[in-house]
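Values in this text are rule-based calculations from the coordinates and carry no lab data. Since the model is a prediction, treat every value here as computed from it, not as a measurement. Backbone-built Cβ (ideal geometry, glycine too); neighbour counts: all protein chains shown.
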Amino acid sequence: MNLLTIETTCDETAAAVVTDRLEVLSSVVASQDKLHERFGGVVPEIASRAHVERVLPVIDEALRKANLKLADLDAVAVANTPGLAGSLLVGLTAAKSLCLACDLPLLAVNHLQAHIYACRLASGVDVFPCVGLVVSGGHSNLYRCAGPTDFSRLGGTIDDAAGEAFDKVASLLGLSYPGGPSIERAACGGDPRRHRFPRPLLDDPDRLDFSFSGLKTAVRYLVEKQGARSREQGAKKPRKSISDARLPAPNRVPSGWLPASAVADIAASFQEAVIDCLVGKSELALAKIGFHTLCVGGGVAANSRFRERLEVSAKSGHYTLHVPPLTLCTDNAVMGAIAIERFRAGLVEDLSLDIGPGPERAANQ
């Protein structure tokens, strides 16, 4: 079976061809980072327009790399939930058009379930049942995963997602977009113990939720305070980055006076606070439901310090950890291979399939 998968949930236009034996024949991802850099975050309208321009060339390239034609496909899968409404519509429309024109079955993909399924693809073994942690720019959620498409929510962010917090803090510090890689690079030269930022909800044993808004605010106050002190001391103002220069004045003036060492210490301390929350709540989830496997997916899972801390936790906690390679952490179409599980279960969609936008769509479809 040759399955074409399409991913347009946010700002990555992706397509892949996989087989029912989970062999990856091709994978193509068109990034939009440069389009959104000046805004310090994803602009939905810009994202959807870029998908319109790129989705067909990306599909063509995926087929070419797989050395296949449309006639060689057996089904088309598309991520239809959750995500940005305009972005989802582009991918779904492309998938429906192909299915109608080529008389192919249409399969739905839950983007959050697919992130956890990336662990199955990467490991080559059955990872279920497990606790699933999806942590990205739009999601920071924990799930009880009885099977690849059988998820129940254990907890999640009550305000900002971890990836969003990384983007906003990077803006405060004058670092480039996307914020995750920028914070990680800056943190390499900093002291993670220099500033004791709050770890919201970490000490609450009854909740499996996250909260990063207060942490983000704590960073902002520190940046403003240190920036004012540096100005009073007559510190030489460093050159602003391109992304920093385009941010609103309240965000860029304080950080513009911070020396590189101060930026590094703040980045490292902030990163450590976020990771403490993510790892701590994951450990609590495993203990609460009695599972011994943790699967982590999403763009933030590409953070090397986070991966290091997870490995230490797994070793000391005697549980099995699965984190996919970097290419399967960020949004991609390969993880859409989860649709094969739905196909085997007879869960084929008709052309009335609709999008399910929004941040939380991980319940069974």
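Computed quantities for the displayed model
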{"item": "Region 97-175 shape via C-alpha gyration tensor axes, a/c threshold 1.5", "result": "oblate"}
{"item": "Rg over Rh [alpha-carbon atoms, Kirkwood Rh] for region 126-325", "result": "1.02"}
{"item": "Global geometry of region 1-147, whether rounded, prolate or oblate, following the gyration tensor of its Cα atoms and the 1.5 cut on a/c", "result": "oblate"}
{"item": "Stokes-Einstein diffusion coefficient of the chain, Kirkwood radius over Cα pairs, 20 °C, 1.002 mPa s, in µm²/s", "result": "102"}
{"item": "On Cα atoms only, tilt of 162-172 relative to the major axis of the chain in degrees", "result": "40"}
{"item": "Mean separation of Cα contacts under 8 Å (6+ apart) over length of the chain, as relative contact order %", "result": "24"}
{"item": "Tilt relative to the chain, helix 260-289 - C-alpha long axis, 0 to 90 degrees, to 10", "result": "50"}
{"item": "In the chain, lysine pairs closer than 23 Å at Cα, eight or more apart or cross-chain", "result": "17"}
{"item": "Between 0 and 90°, nearest 10: helix 213-232 axis offset from the chain longest Cα axis", "result": "40"}
{"item": "Efficiency of FRET between residue 153 and residue 304 - r from beta-carbon atoms, R0 45 angstrom, step 0.05", "result": "0.95"}
{"item": "Exposed GluC sites (Glu not before Pro) absent: longest stretch of the chain, with sites in DSSP loops and at most 15 other Cβ within 10 Å deemed exposed", "result": "24-359"}
{"item": "Where trypsin sites (Lys or Arg not before Pro) in DSSP loops with at most 12 other Cβ within 10 Å are excluded, longest remaining stretch of the chain", "result": "240-365"}
